[in-house]
Amino acid sequence: EAEVAQSPRYKITEKSQAVAFWCDPISGHATLYWYRQILGQGPELLVQFQDESVVDDSQLPKDRFSAERLKGVDSTLKIQPAELGDSAMYLCASSLVGGSSYEQYFGPGTRLTVT
Amino acid sequence: KQEVTQIPAALSVPEGENLVLNCSFTDSAIYNLQWFRQDPGKGLTSLLLIQSSQREQTSGRLNASLDKSSGRSTLYIAASQPGDSATYLCAVYNNNDMRFGAGTRLTVKP
C-alpha cells in the first residue's frame, strides 16, 4: 500500500540552528499539506500545496519558516532559526486533489526537539 | 472560526467493552468529517471519512455517525481490545480548511 514518506523521523537541534524536513507524498497526489502538532493538541495546518503552488500559508510563521515543492512532487519544510517553541511533531499529508471529497493520508511525522 | 472539541480527553475501559467517543464542532457548514487514530509518537491513520451528505460510516468494529445540525459526531468502538489503545482525533473540513480536535486518549486494559 502506498504511503507518505517523511525524513528524518527524529531531529534534535539547538536553538538558532537551521533544520529541514522532507516529505514524499503518495504517487499521483497533487495536494500536499504540512501540519505542526504540539504535544497534547491536534495538528494545525502550516501550508498547503496544489502541485507546486502554495494554496494556503496563512498560518506559516514566514519570518522563520519556509516551504517549497519545486517539481510538484516532494516537499521540504525549513526552519531558520529554530526556537524552543518549535519543538513539536511535524506531519506531512497528501490527498489526490484538494477539497472536501478526498481523504488526507498522513506520513509518520518528524519529531523535532529544540534545545 | 471553526472550533472542534473532543470529550472525554482520556478514557480507560476494560477489554470487551463497547465505547463511544464524542466530537463537537461549532460551525455546522462542514463538507466532511474524518476520524483518525494516532499511536504514541506516530503519524495519523485515517479510520473513517463521512461526507456532509452522509449520516454514518462503518468499518469493522468502528461506526462513526454525523449530525451536522447539532454539530456532533460520535465514534463507536465495539468489543474493545488492548490493541485499540491510542489517541483518536476527529477533524472537520470546511472553507478549504481542516480543523482537528485535541483527541481522546483511549486505554483498553486486558
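Averaged over the residues of peptide A:84-95, the number of Cβ atoms from other protein chains lying within 10 Å of each residue's Cβ is 1. Taken residue by residue and averaged, Cβ atoms of other chains lying within 10 Å of the Cβ of B:69-79 number 0. Given +1 on the Cβ of Lys and Arg, -1 on the Cβ of Asp and Glu, and no further charges, what dipole in debye does the range A:26-115 carry about its Cα centre, rounded to the nearest 20? Roughly 180 debye for the range A:26-115.
Overall form of chain B: prolate. Here a/c, set by the Cα gyration tensor axes a ≥ b ≥ c, is 1.5 or more, and a/b is the larger of a/b and b/c.
Take each residue in A:34-41, count the other chain C-beta atoms within 10 Å of its C-beta, and the mean is 3. Pairs exceeding 30 Å between alpha-carbon atoms, taken from A:11/B:1; A:62/B:1; A:11/A:71; A:62/B:68: A:11/B:1; A:62/B:68. Its Kirkwood hydrodynamic radius, worked out from the mean inverse distance over all distinct Cα pairs, puts the protein assembly as shown at 18.0 Å.
Among the chymotrypsin sites (Phe, Trp or Tyr not before Pro) found in the range A:1-59, not one is both in a DSSP coil and sparsely packed, with 16 or fewer other Cβ atoms within 10 Å of its Cβ. The range B:1-55 and the range B:63-110 have Cα centres spaced 2 Å apart. Placing unit charges on the Cβ atoms of the charged side chains and taking the dipole of the protein assembly as shown about its Cα centre, the candidate lying farthest along the positive direction among B:23, A:25, B:82 is B:82. Approximating the spin labels as points 7 Å out from Cα along Cα→Cβ, the residue A:20-to-residue B:29 distance works out to 4.1 nm. Charge tally for residue B:80 (other residues, Cβ to Cβ under 10 Å; Lys, Arg +1; Asp, Glu -1): -1.
Rule-based calculations on the coordinates, nothing more; no lab input. None of these values were measured; they are calculated from a predicted model. Glycine gets a Cβ as well: all are built from the backbone with ideal geometry, and neighbour counts include every protein chain shown.
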